[in-house]
Amino acid sequence: MSGSVVLFGPPGAGKGTQAGRIVVRTGKPQISTGDMLRAAVAAGSELGMEAKGYVDAGLLVPDVIIIGLIAERLQDDDASSGVLFDGYPRTIPQAEALSKVAEVYAVISIEVPDDAVVERIVGRRMDPETGDIYHVAFNPAPSGISSRLIQREDDNEQTVRKRLSAYHQQTAPLADWYAQKGLLVRIDGDRSIDEVGMAIEEALSGAL
Ligand code: AMP
């Protein structure tokens, strides 16, 4: 199926975790603006230096930077028959820019209450070798790899609260924007990874 899918929701909703499953099912590449920005920060590139202050403060990186980043990424061959967007778009101007360069056929909104988001994010850990995401209590990593897990610098309670406030003010209005276009599918994300994954597969079943 050509066209793209958007995974939408607050930080910690499980977008990255669920993206992994959808990539396996669809073969579409995952495009995560958060991962791209972290890679740029780690590489010390100009983009990374520009973005770092915003990411560390829990604020959204300005639209003009993000829109340019996506436009460039969509030029790659693997993006030609649609991609899975994870964490993009996050503002209405980003969604408007996206509508000009890609055909989105579903926006999966993974809905999780704020308190659960905070609990999930402060316990979140990542395997730097595979990008796999775990949680100290809810989804522990196998013992062999637990020593190499890292915690994102912006995954502390204070920054999470700021990221949540950016989400409510700037990103949440996009749900209505996509609902009006008939593209929004709301999924209860406050369940196990498997249950959420199955609900997403069902929602996309006609299209997968
Ligand atoms: P994430 O990994 O999706 O939680 O993103 C981590 C951080 O990267 C966010 O808190 C923002 O500072 C920045 N970021 C990621 N995606 C976007 C986006 N689409 N627009 C603006 N900022 C973004």
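Tabulated values for the structure
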{"read-out": "Listed residues Ile145, Ile67, Ile108, most fluctuating in the chain (Gaussian network, C-alpha, under 10 Å)", "value": "Ile145"}
{"read-out": "For the range 91-208, size of Cβ-based charge dipole, Lys and Arg +1, Asp and Glu -1, in debye", "value": "320"}
{"read-out": "Candidates Leu174, Leu69, Leu37, ranked by Gaussian network fluctuation over the chain, Cα under 10 Å, top entry", "value": "Leu69"}
{"read-out": "Expected 222 nm ellipticity per residue - DSSP helices of 4 or more, -39500 (n - 2.57), all of the chain, to 500", "value": "-13500 deg cm²/dmol"}
{"read-out": "Apportionment of accessible area to carbon and sulfur, the range 62-185, percent (1.4 Å)", "value": "49"}
{"read-out": "In the chain, lysine pairs with alpha-carbon atoms under 22 angstrom apart (chain gap of 8 or more, or interchain)", "value": "7"}
{"read-out": "Per residue, in Å², the accessible surface of the range 73-144 once ligands and nucleic acids are set aside, probe 1.4 Å", "value": "49"}
{"read-out": "Solvent accessible area, Å² - Arg163, 1.4 Å probe, full protein context", "value": "30"}
{"read-out": "Translational diffusion coefficient (Stokes-Einstein; Kirkwood radius from C-alpha pairs) of the range 63-113 at 37 °C, 0.692 mPa s, in µm²/s", "value": "277"}
{"read-out": "Chymotrypsin sites (Phe, Trp or Tyr not before Pro) restricted to DSSP loop in the range 121-208 with at most 13 other C-beta within 10 Å", "value": "Phe138"}
{"read-out": "Dipole magnitude of the range 150-195, debye to nearest 20 (Cβ charges: Lys/Arg +1, Asp/Glu -1, about Cα centre)", "value": "260"}
{"read-out": "Within the chain: Cβ-based charge dipole about Cα centre, in debye rounded to nearest 20 (Lys, Arg +1; Asp, Glu -1)", "value": "60"}
{"read-out": "Heavy-atom accessible area per residue - the range 12-58, 1.4 Å, Å²", "value": "46"}
{"read-out": "Inter-label distance for Asp77 and Glu157, nm, one decimal - labels placed 7 Å from Cα along Cα-to-Cβ", "value": "5.0"}
{"read-out": "Cα centroid separation, the range 68-101 to the range 170-187 (Å)", "value": "17"}
{"read-out": "Options Ala179, Gly144, Ser165, ranked by Cα towards positive dipole end of the range 115-187, top entry (Cβ charges)", "value": "Ala179"}
{"read-out": "Nearest-10 value in Å² for the accessible area of Val24, using the 1.4 Å probe", "value": "120"}
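The values are calculated or read from the model by the stated rules, or taken from the named source; none is laboratory data. From a predicted model like this one, the values you see are computed outputs, not experimental measurements. Glycine also receives a Cβ, built like all others from the backbone with ideal geometry; neighbour counts cover every protein chain displayed. Side chains are part of the model used for accessible areas, which takes the heavy atoms of the whole protein and leaves out ligands, DNA and RNA. Shrake-Rupley method; radii C 1.70, N 1.55, O 1.52, S 1.80 Å.
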